[in-house]
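Please read the structure below before turning to the comments.
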């Protein structure tokens, strides 16, 4: 009997140990770090709220947050429109649907590094394929990655290209759960295709829309490899992402306390945004 | 949808749009492969068919960076993490579904809480932990912090719930101990969950760059994506496009091969990761 009571605890022991070491301790230690200046080597120095004062005045950090919000504002609608369109196309009785789905999903499985190296070439100013296409139809070249106003939108286009396949699948799953009777009832009342889409399809796939919103928000704040490889955060810090900035502060300058302060602040911003989105979506259903 | 309502015009338009999509997603990859095989001065063109093919870009990559070595590192790291995630997550999922014990609810809420924490919060302290453990520049730093994840536990928990208790009770009467029940009976009957957790874990670890860049500085211990990233960013590629693209193709190849064989599993697994909310 004694042994049987112990078994579940033995089974969860690895999880608890892992949680304590790699989640609970880091979270608590983060909250210690934010009040200190520390480069790991020399002793920790207590600075009170010094790191937060510094953060308030750090234009690079706020620039990185604004860059991320800019990314999200372009990324979410682009992602939603393209993903829903392809999901609607694939939700028809056509042939080769499996093939199309597999192709759209391909960039999702491939490493972000591959996608970034590839798109760096596509975005090239002189010889990139996109600019060659533009010159072919006698339009001026675009400085995709060199024009400060274009760099972030360019990264957004690339991120959309990489991720949209996943959302196509998710919306497709969502569309297939919409009961057929709803459309039939709407047909009887003489609704047109657009009305059916707005009044039946959209509300039914609302959970998926919310998920795209949340995942894009988290994804935007996780942006690292794309600017790291493509732009190094430039031009004019317009693609400096928050994680790239934390990386620079933490692992270039070894400002551990300050980097942790940014981590904590970002976590606050992310969680607040997600809660806001949740509230907004719930109010609209 | 309703089959009888598909007009020919709608069919044609639908196929046309789907084909445009196919070109948009496939052409860049094909171009990348062809450009990596083309002579350097022909890369800057749309063509998928250069005047002659050659492996020179690939040979240069092999000369400049230890690709095979880091491929091996990536395999060791990804496979060992995948193995331990399946073992530990299934153990926890098993405990949560088949036992009544004090604190079960608490553990479940801890898991959900952990999953909602952004990694930005723990990045710096986890690195400090690695420094203090002396794990920087070892496999341990790349593997141990990833040995369990909440999503794996949730997936196993949901699947184990669907396995009838009778199976479990029968095994117990036959004298199986709990570990044997889990690994000999439950897991073989939970293949979809195992596959999902394995693919998600393997892909996540295989494609990760940020953590390896932080904890590994020794070139001999670098993972493949890390090595290729530093190769592309640093001066070693000497702004030769072909060489950069060749390294990217090599990084993509193992995953693309696995994907083309197990395509259905990849799609359903990765789609389920989005459904955790």
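The values are calculated or read from the model by the stated rules, or taken from the named source; none is laboratory data. All figures in this text were calculated on a predicted structure; none of them were measured in a lab. Positions of Cβ are backbone-derived with ideal geometry, glycine not excepted, and every protein chain shown enters the neighbour counts.
Of the residues B:79, B:48, only one is modelled with pLDDT of 90 or more and either surrounded by fewer than 19 Cβ atoms within 10 Å (Cβ to Cβ) or more than 27 Å from the chain's Cα centre (by Cα) (or both); which?
The unique qualifying residue is B:79.
Quick check on segment A:69-82. Is at least one of its residues surrounded by fewer than 16 Cβ atoms within 10 Å (Cβ to Cβ), outside any helix (DSSP H, G or I) and more than 12 Å from every other protein chain (Cβ to nearest Cβ)?
Restricting attention to segment A:69-82, the residues satisfying the condition of being surrounded by fewer than 16 Cβ atoms within 10 Å (Cβ to Cβ) are A:69, A:73, A:77, A:81.
Next, from what is left, pick out any that are outside any helix (DSSP H, G or I): none.
No, segment A:69-82 contains no residue that is surrounded by fewer than 16 Cβ atoms within 10 Å (Cβ to Cβ), outside any helix (DSSP H, G or I) and more than 12 Å from every other protein chain (Cβ to nearest Cβ).
For segment B:96-112, what are the residues that are in a helix (DSSP H, G or I) and surrounded by 14 or more Cβ atoms within 10 Å (Cβ to Cβ)?
B:96, B:97, B:98, B:104, B:107, B:108, B:110, B:111
Step by step: first the residues of segment A:8-23, then only those that are buried (at least 17 other Cβ atoms within 10 Å of the Cβ) and within 17 Å of residue B:90 (Cα to Cα), then the one that is nearest to the chain's Cα centre (by Cα). Which residue is that?
Across segment A:8-23, the extreme among qualifying residues is A:19.
Out of B:256, B:209, I need the residue that is surrounded by fewer than 19 Cβ atoms within 10 Å (Cβ to Cβ), within 9 Å of chain A (Cβ to nearest Cβ) and modelled with pLDDT of 90 or more. Which one?
Testing whether each residue is surrounded by fewer than 19 Cβ atoms within 10 Å (Cβ to Cβ), within 9 Å of chain A (Cβ to nearest Cβ) and modelled with pLDDT of 90 or more leaves just B:256.
For (1) modelled with pLDDT of 90 or more; (2) out of contact with any helix residue (DSSP H, G or I) (no Cβ under 7 Å at 6 or more places or on another chain), each residue gets a yes or a no:
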{"site": "A:165", "(1), (2)": "yes, no"}
{"site": "A:194", "(1), (2)": "no, yes"}
{"site": "A:220", "(1), (2)": "no, no"}
{"site": "A:228", "(1), (2)": "yes, no"}
{"site": "A:235", "(1), (2)": "no, no"}
{"site": "A:242", "(1), (2)": "yes, no"}
{"site": "A:246", "(1), (2)": "yes, no"}
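How many residues does segment A:250-270 hold that are surrounded by fewer than 23 Cβ atoms within 10 Å (Cβ to Cβ), more than 7 Å from chain B (Cβ to nearest Cβ) and in a helix (DSSP H, G or I)?
3
Looking only at segment A:141-184, which residues are without any contact (Cβ under 8 Å) to a residue 40 or more places away in the chain and under 17 Å from residue A:228 (Cα atoms)?
Selection gives A:144, A:150, A:154.
I'd like the residue in segment B:138-171 that is surrounded by fewer than 17 Cβ atoms within 10 Å (Cβ to Cβ) and within 14 Å of chain A (Cβ to nearest Cβ) and, out of all such residues, is modelled with the highest pLDDT.
B:140
Within 23 Å of the chain's Cα centre (by Cα) and over 15 Å from residue A:66 (Cα atoms) - does that describe any residue in segment A:178-201? If you could, list the steps in order and put the result at the bottom.
Looking only at segment A:178-201, we keep the residues that are within 23 Å of the chain's Cα centre (by Cα), and these are none.
No - not one qualifying residue is present in segment A:178-201.
More than 17 Å from the chain's Cα centre (by Cα) and assigned to a helix (DSSP H, G or I), is that true of residue B:246? Walk me through how you get there before you give the answer.
Numbers: more than 17 Å from the chain's Cα centre (by Cα): yes; assigned to a helix (DSSP H, G or I): yes.
Here the answer is yes, as residue B:246 does meet what is asked.
Among residues belonging to segment B:97-110 that are within 8 Å of chain A (Cβ to nearest Cβ) and at pLDDT 90 or above, point out the one that is nearest to residue B:145 (Cα to Cα).
Across segment B:97-110, the extreme among qualifying residues is B:110.
Test residue B:92 against the stated conditions and say whether it is farther than 19 Å from residue B:206 by Cβ, in the same structural domain as residue B:224 (by TED's automatic domain parsing), assigned to a helix (DSSP H, G or I) and in contact (Cβ under 8 Å) with a residue 40 or more places away in the chain.
yes
Looking only at segment A:19-62, filter to residues that are part of a loop (DSSP other than H, G, I, E, B), away from chain B (no Cβ under 13 Å) and in contact with a helix residue (DSSP H, G or I) (Cβ under 9 Å, 6 or more places away or on another chain); which one of those is nearest to residue B:125 (Cα to Cα)?
It comes out as A:35.
Return yes or no: is residue A:232 on the phi < 0 side of the Ramachandran plot, surrounded by fewer than 17 Cβ atoms within 10 Å (Cβ to Cβ) and free of Cβ contacts under 8 Å to residues at least 24 places away in the same chain? Break it down stepwise before answering.
Values: on the phi < 0 side of the Ramachandran plot: no; surrounded by fewer than 17 Cβ atoms within 10 Å (Cβ to Cβ): yes; free of Cβ contacts under 8 Å to residues at least 24 places away in the same chain: yes.
It is false that residue A:232 is on the phi < 0 side of the Ramachandran plot, surrounded by fewer than 17 Cβ atoms within 10 Å (Cβ to Cβ) and free of Cβ contacts under 8 Å to residues at least 24 places away in the same chain.
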